[in-house]
Each structure stands twice: as C-alpha cells, then as structure tokens.
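Structure, as structure tokens:
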Amino acid sequence: MINTQLLELISASIIISALYIQGQAYFKPIIYAQAIQSALISILTFYLGFALKLIDYIILGSTIIILRSFLITFFLIRGLKAKPGIRENTWGVASELIVNLAFFFLAVFIIYYFVLGNIGITTEAGTTTLIIFSFMLFFQGLFLIVSRRSTIAQIIGFIEEENSIVLFGILIIPIPFLIEVSIFLDVLGLVIITSLLTLEKLEHSKLEELRG
C-alpha cells in the first residue's frame, strides 16, 4: 500500500530545493542543495521499492545517491578549488526568482490541464498527481540553465533536468530501462563536468560561442 501523501510531501521537498537553488548566488550552497535534491529522489525510489517489493527501485535509488549525491558533488566542489565564498555575478536573484516562479508555474499549468488532463496517464504507483512535480522540476532546471551564465549553475540545471526525467520515469517508464538511462545521464554529466571545469572558466556568455 503506497502512501500518496508521503510521495507528494517528498516531491514537494524536491521542488523547494529547486527553488532554493534558483535563489542562491553562491556556488557551494547550490552544489550541496543539488546533492540533497538527488538524495530526496533516491529516498522516494527506496520507499517505492519497499512498498511495491521491487528490487529495481532500490537499485535505481542506490545509483542516484552514489553518482549524483556523492560523485557529482565531489567533482563540483573540487572544481571550485577550495575558494570559500565564491559566487556568481547575477543581475538580481530576487527578481529572477519571481520571473522563474511565473515562468514554470504557467508552463506546468498549461501542460497539466491541457495535455495530461486529456490523455489520462495510469502509473504503476497508482497516482497521476505526482507527474506535475516532475514537470515543475523540469521547467525549473530549464530556467536555471537559461537565466544563469556560470558554468556550475548551468551544470546544476542539467542535473535538475536529469532528476526531472527520473522523477517522471519512476511513474511511467519500466524501471530496468530507467536505471540504464539514469546511469547514462550521470556518466554524461560527469564527462561534462570534468571537461568544463578543466577549462577553469566559471562564467561564459553566448557571445563567446560565436568567436572563432
């Protein structure tokens, strides 16, 4: 028997962590918040594994907490080279957060009521309300990538995109396939992190990409 309210509480905590990331300009709190967010998703999968008596959920949760909460966090913190207090030059975190809230709540509202409400998805966990949280996390990660110039913040946005895919896939995609997709995305994320941090550039702009 699955406690839907508990699943919704964990999912809401994931969204709160995403909003916290968007409202932060300092890099270390952003990185640690990402680790907590990934850990919350692994806790959700662990709960589903014990509730449904499926070992696949336990394996998925273990890969998430090892690869995202520990390995990716380790490499990102190491990439900062122990510079305490380093932050991104943002044009206004508070106003950016307000725009972000308006953006992804509007996008989620449109998708939920005009798309999901018409196709009627049935999930293995027995609920469709949790799908909305995955879309909220997806648009939050997308907005973080678009609104920030720093390499680390954009990497965190990419990881949030991965977390949203896993959160959505937990309810829709067969778990063995989702495990393979999750591991592939984590390995891809580690490759991106190591290659970008090797350049030792904390920020970049779109204009630089046009230069020969």
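Bear in mind that the values in this text are calculations on the coordinates, not laboratory data. Note that the structure is predicted; figures quoted are calculated from it, not measured.
Computed values, structure above
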{"read-out": "Inter-centroid distance (Cα atoms) of the range 1-57 relative to the range 156-194, Å", "value": "14"}
{"read-out": "Whole-Hz ³J(HN,Hα) from phi, Karplus 6.51 cos²θ - 1.76 cosθ + 1.60, for the range 15-20, glycine and proline x", "value": "5, 4, 5, 5, 5, 4"}
{"read-out": "Per-residue HN-Hα couplings for the range 54-70 [Karplus 6.51, -1.76, 1.60; θ = phi - 60°; Hz; x = Gly/Pro]", "value": "10, 5, 4, 5, 5, 5, 4, x, 5, 5, 5, 6, 6, 7, 8, 6, 10"}
{"read-out": "Shape of the range 1-63, Cα gyration tensor, a/c cut at 1.5", "value": "oblate"}
